[in-house]
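The values are calculated or read from the model by the stated rules, or taken from the named source; none is laboratory data. Because the structure is predicted, anything quoted here is derived from the model rather than measured. Positions of Cβ are generated from backbone atoms using ideal geometry, with glycine treated the same way; all protein chains shown enter the neighbour counts.
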Amino acid sequence: MAVDKPIYDCVIIGGGFTGLAAAITLLDAGKSVAVIERDDMLGGLAGGFDVGGHELEKFYHHWFTSDTHINNIASRIGRRDQIVTRQTRTGMYFSGNFFRLSTPMDLLRFTAIPLLDRIRTGLATLAVRRVKDWKKLEDISARDWLLKHFGKTAYKVVWEPLLIGKFGADADDVSAVWFWNKLALRGSSRGKGGGEELAYYRGGFAQLARDIGDHVSKAGGKVMLGAEALAISNRDGIVEVETSAGVIRGRTSLVTTPLPHAAKILEGGSSAAYAQSLNRIRYLGNVCLVLEMTRSLSELYWLNVNDPSFPYVGIIEHTNFEPRESYGGRHIVYLSKYLPVSDALYQMTPEQVFEYSLPYIQRMFPEFDRSWVTRHHVWRAPYAQPIVEKHYSRLIPDVRTPIDGVFLSTMAQVYPEDRGTNYAVREGGKIAQLIVKDLDGRTPASHKSGSAAETIRMAS
Ligand SMILES: Cc1cc2nc3c(=O)[nH]c(=O)nc-3n(C[C@H](O)[C@H](O)[C@H](O)COP(=O)(O)OP(=O)(O)OC[C@H]3O[C@@H](n4cnc5c(N)ncnc54)[C@H](O)[C@@H]3O)c2cc1C
């Protein structure tokens, strides 16, 4: 039987923000695209789930007011007005006490460390934000760099618990570049009074992903959900992506999945050595326990837990950011833990995670009662955070893979910034521009195509 099979200018693997931003840029340049997404929804790590008829991120998400690339893509699809900015309150739980840490005044009142250390912390925070040449930080560990700038007391109370809370046994390997970027970024998202302001999309991040996906479809792009890419090869100048929904063909392809998935997909068409080199970057997983509650835990949006005996590093009360009216009046709280996927917490059933966590919540918030929780959810991501080691730049794979016409742009290649949807959009746009150039330089007569997906006849 003869079937028509289009050859797309680019077959994009992964419908997260990198893949979606690449699709928009390619379509804008008049190229045809197919986006292949394994899940049944777009958004990747920023995807959502249903809480009583409302959509919520599986993992808490916000933007900083300095995140220009997200604003640009929202403008590009005519949805800029859907981004809202709100003041948020940040705090820290330390030694059985809650401290607010949203403004410079809050820092001065932070009695967990002596006054001189508070002043030093404030000055050092300002100083490190002025650092521009991150390359000089590449061979310093975050630990040594923080000790040098903030001193031992502030390091022990403020920074070490965060570093260990996030990276666990890998904390000593983390590069100063990672921490510098965190400090610089958080400081760039402030209102006039010095307080923190963060941004969100009406309806959530998954709604933005859907809106971008709709735009891609309307512009002639193909979005395929529930299709898993299994292997890629280049046959006679055409890239063949073998998926669970059949073979999709393109003049080029872009892989945006986590690197271990990319290694598997690319393995057959390239070399085992190349696939292995992708696995050199290590990741941590994440577990988020999401509580739907009848009452609020605190007035804070973001609570850093600087208590090593507590299993979670952050408690994020989402409805202290996006009003609870958006979720039928429910209060929404995330408890977040980064961890190796071999960790016992990662392996627990949702019910076990919930029961395990209750006594800790009770200890931190003595008024809390389990009857406040109407529903709970547990989300896990095996590749949630690349471990940004010293000299990370040397580990980052090139965007061009050994397979002709196949490109790679993933969360782990975002650097010196840390991963995030804003940078996913930036990198997706950048790689798409490179692919456009590559396509324009690639004109074998038999495969020349115009802006629409070229169709060839294939016998099967
Ligand atoms: C706990 C947590 C909190 C976060 N908080 C924030 C935040 O507040 N703000 C923010 O901006 N960012 C945040 N992030 C980071 C943000 O979610 C990511 O940086 C961003 O979503 C990465 O987008 P991506 O497209 O590069 O990758 P992903 O989102 O990982 O997308 C890759 C896509 O590829 C798909 N895929 C994988 N394998 C295949 C295959 N074989 N075939 C087809 N498809 C495949 C996946 O299903 C996925 O949809 C957070 C992340 C986590 C884990």
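Structural remarks
- One residue alone among Val290, Val341 is crowded, with 19+ Cβ neighbours inside 10 Å and either farther than 24 Å from His61 by Cβ or touching a residue at least 40 places away in the same chain (Cβ under 8 Å) (or both), and that residue is Val290.
- Matching residues in segment 50-66 - criterion: being within 14 Å of the ligand (Cβ to nearest atom) and at pLDDT 95 or above: Leu56, Glu57, Lys58, Phe59, Tyr60, His61, His62, Trp63
- The single condition among (1) under 30 Å from Arg251 (Cβ atoms); (2) more than 19 Å from the chain's Cα centre (by Cα); (3) of a type outside the set (Val, Ile, Thr); (4) not in a loop (DSSP other than H, G, I, E, B) that Gly78 does not meet is (4).
- Per-region count, segment 45-84, residues touching a residue at least 60 places away in the same chain (Cβ under 8 Å) and within 27 Å of Val373 (Cα to Cα): 17
- Test: Arg457 is of a type outside the set (Ser, Thr, Tyr), surrounded by fewer than 19 Cβ atoms within 10 Å (Cβ to Cβ) and modelled with pLDDT under 95: yes
- Selection of first residues in segment 237-253 that are over 16 Å from Ile435 (Cα atoms) and of second residues that are within 15 Å of the ligand (Cβ to nearest atom) and acidic (Asp, Glu), restricted to Cβ pairs under 8 Å at least 6 apart or on distinct chains, gives the following pairs, ordered by first then second residue: Thr243/Glu228; Ser244/Glu228; Val247/Glu240; Ile248/Glu240.
- Checked against the criterion of being assigned by TED's automatic domain parsing to the domain that holds Met293, of a type in the set (Gly, Ala, Ser), assigned to a loop (DSSP other than H, G, I, E, B) and touching a residue at least 40 places away in the same chain (Cβ under 8 Å), segment 320-338 contains one or more residues that satisfy it.
- Filtered by the rule that a residue be part of a helix (DSSP H, G or I) and touching a Ser or Thr at 6+ places or on another chain (Cβ under 7 Å), segment 339-394 gives Trp372, Tyr392.
- Condition broken by Lys132, with the remaining ones in (1) touching a Ser or Thr at 6+ places or on another chain (Cβ under 9 Å); (2) in a loop (DSSP other than H, G, I, E, B) satisfied: (1)
- Tally, over segment 277-305, of residues that are under 30 Å from Leu408 (Cα atoms), outside any strand (DSSP E or B) and among the β-branched types (Val, Ile, Thr): 1
- When segment 232-278 is filtered for residues that are under 27 Å from the mean Cα position of the chain (by Cα), of a type in the set (Ser, Thr, Tyr) and modelled with pLDDT under 95, the ones remaining, listed by number, are Tyr274, Ser277.
- Segment 209-233: number of residues that are within 26 Å of Ile396 (Cα to Cα) and surrounded by fewer than 20 Cβ atoms within 10 Å (Cβ to Cβ): 4
- Matching option when the condition is under 22 Å from Leu395 (Cα atoms), small (Gly, Ala, Ser) and surrounded by fewer than 17 Cβ atoms within 10 Å (Cβ to Cβ), among Ala245, Ala263, Ala272: Ala272
- Cβ-Cβ under 6 Å pairs, at least 6 apart or on other chains, segment 5-18 side more than 14 Å from Asp39 (Cβ to Cβ), far side within 9 Å of the ligand (Cβ to nearest atom) and of a type in the set (Ser, Thr, Tyr): Thr18/Thr256; Thr18/Ser409
- Unique match (being out of contact with any helix residue (DSSP H, G or I) (no Cβ under 7 Å at 6 or more places or on another chain), closer than 30 Å to Asp50 by Cα and surrounded by fewer than 21 Cβ atoms within 10 Å (Cβ to Cβ)) among Asp404, Asp369: Asp369
- Contacts under 7 angstrom Cβ, first residue in segment 397-426 being touching a residue at least 12 places away in the same chain (Cβ under 8 Å), partner among the aromatic types (Phe, Trp, Tyr) and in a strand (DSSP E or B), 6 or more apart: Val399/Phe407; Thr401/Phe407; Asn422/Trp63
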